[in-house]
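Engineer: Sharing a structure with you now.
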Amino acid sequence: MIRGIFFDFNGCLLDDRGLTFKSVQEVCRAFKTSKLPIFEEWRRSIGSNYMDFYRSAGVDPQVTAKELNAVRNNYVLSNWREAQLRSDAVSVVTRCKNEGLKVAIVSAETNRLLIRRIKGAGLEKVFDAIYTDASPKKAYLDKALKDLQLLPEEVLFIEDTAEGVRAGREAGLITVGFVNDTSFGFHDDIRKAKPRWTIAELSEIFVVINYVNLASRIYPDYLERR
């Protein structure tokens with residue numbers, strides 16, 4: 001039976017692909033890289049270890065994550081309204097909580113930006129746990145399982161990048177690839193990472209939950225043999 005659901009934040013609960021890419025370009029401008037990343041290149045390189053991307057883009061190795069995030073945070077805060085929670089995000093998260101699931105966010109987003117979004121939506125009491133700056137992601141997924149006293153096979157993990165899906169699989173979670181039109185990762189990359197399920201809208205997660213729970217009742221070993 002499904003007892004918990006973990007969400008990635010950027011690109012999943014938050015529709016912010018465009019704003020995030022602009023913030024990446026702003027970081028590269030601030031640290032005077034030889035060229036600005038192009039959109040398609042950035043999407044192929046998305047991962048929780050964003051420092052690798054900036055290094056490959058030409059940011060000086062001496063520049064720290066704190067310095068990079070300061071530039072990005074300021075840009076995002078200055079253009080805050082360019083990104084919004086997805087239209088069904090609040091209702092989906094609230095319904096999950098009301099149905100007795102343990103609900104968490106596991107995201108590489110900075111604490112400053114993520115918590116501001118959550119508080120702005122009045123969701124701070126809905127989540128049982130929020131993990132920010134989550135890199136490498138698998139380590140934080142493992143921590144979330146331990147903190148919330150959940151087994152991997154009891155948890156759905158919704159993620160919109162191939163790297164995130166792979167991290168979820170390595171942690172033993174039931175992975176759900178989010179293949180919305182504005183997901184961060186390319187749909188083919190997400191599918192190649194072999195998530196257990198794919199959905200295009202957050203609200204579709206309840207179809208997955210109902211199916212898994214029904215299969216678990218009919219076949220008691222369903223989750224163990226998946």
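We did not get these values from a lab; they are worked out from the coordinates using the rules stated. Keep in mind the model is a prediction, meaning the values are calculated, not measured. Because the Cβ atoms are built from the backbone with ideal geometry, glycine has one as well, and the counts that use them run over all protein chains shown.
Engineer: Using the alpha-carbon atoms, what tilt in degrees (0 to 90, nearest 10) does helix 89-98 show relative to the longest principal axis of the chain?
Structural biologist: So the helix axis and the longest Cα principal axis differ by about 40 degrees.
Engineer: Can you compute the FRET efficiency between D181 and R3 using 1/(1 + (r/R0)^6), with r the Cβ-Cβ distance and R0 = 25 Å? Round to the nearest 0.05.
Structural biologist: Efficiency computed from Cβ-Cβ geometry: 0.25.
Engineer: If I histogram all Cα-Cα distances within the chain using bins 5 Å wide from 0, what percent of pairs lands in each bin?
Structural biologist: Per 5 Å bin, starting at 0, the Cα pair percentages come out as 1, 7, 15, 19, 20, 16, 10, 6, 3, 2, 1, 0.
Engineer: As a test of the formula, what do you get for the chain when each DSSP H run with n ≥ 4 contributes -39,500 (n - 2.57) and the sum is divided by the residue count, at 222 nm and rounded to the nearest 500 deg cm²/dmol?
Structural biologist: After summing the helix terms and dividing by residue count, I get -14000 deg cm²/dmol.
Engineer: How big is the convex hull of the Cα atoms of the range 17-82, per residue, in Å³?
Structural biologist: 79
Engineer: Between L14 and residues 5 or more places away or on another chain, which pairs have amide H atoms under 5 Å apart, with H built 1.01 Å from N, and which residues are they?
Structural biologist: Close amide H contacts, sequence-distant or interchain: R86.
Engineer: What is the range 17-82's relative contact order, in percent, from Cα pairs under 8 angstrom and six or more apart in sequence?
Structural biologist: 46
Engineer: Once you put a point 7 Å from the Cα of V63 and another 7 Å from the Cα of A121, both along the Cβ direction, what distance in nm separates them?
Structural biologist: Between V63 and A121, the label points sit 3.0 nm apart.
Engineer: Once the Cα atoms of helix 17-30 and of the chain are each reduced to a long axis, what angle between those two axes, in degrees from 0 to 90 to the nearest 10, is obtained?
Structural biologist: In the chain, helix 17-30 runs at an angle near 30 degrees to the longest axis.
Engineer: In percent, how large is the relative contact order of the chain, given Cα pairs closer than 8 Å and 6 or more residues apart?
Structural biologist: 26
Engineer: Still on this structure, I have one more. Specify the angular offset, from 0 to 90 degrees and rounded to the nearest 10, of the alpha carbon long axis of helix 111-120 from the longest principal axis of the alpha carbons in the chain.
Structural biologist: Around 60 degrees separate the two axes.
Engineer: Name the long-range amide H neighbours of Y131: under 5 Å, sequence gap of 5 or more, or other chain; modelled H, no Pro or chain starts.
Structural biologist: When sequence neighbours closer than 5 places are left aside, the close amide H contacts are I105, V106, S107.
Engineer: Which links in K66/K192; K66/K137; K97/K119; K102/K138; K97/K143 stretch past 26 Å when you go from one Cα to the other?
Structural biologist: K66/K192
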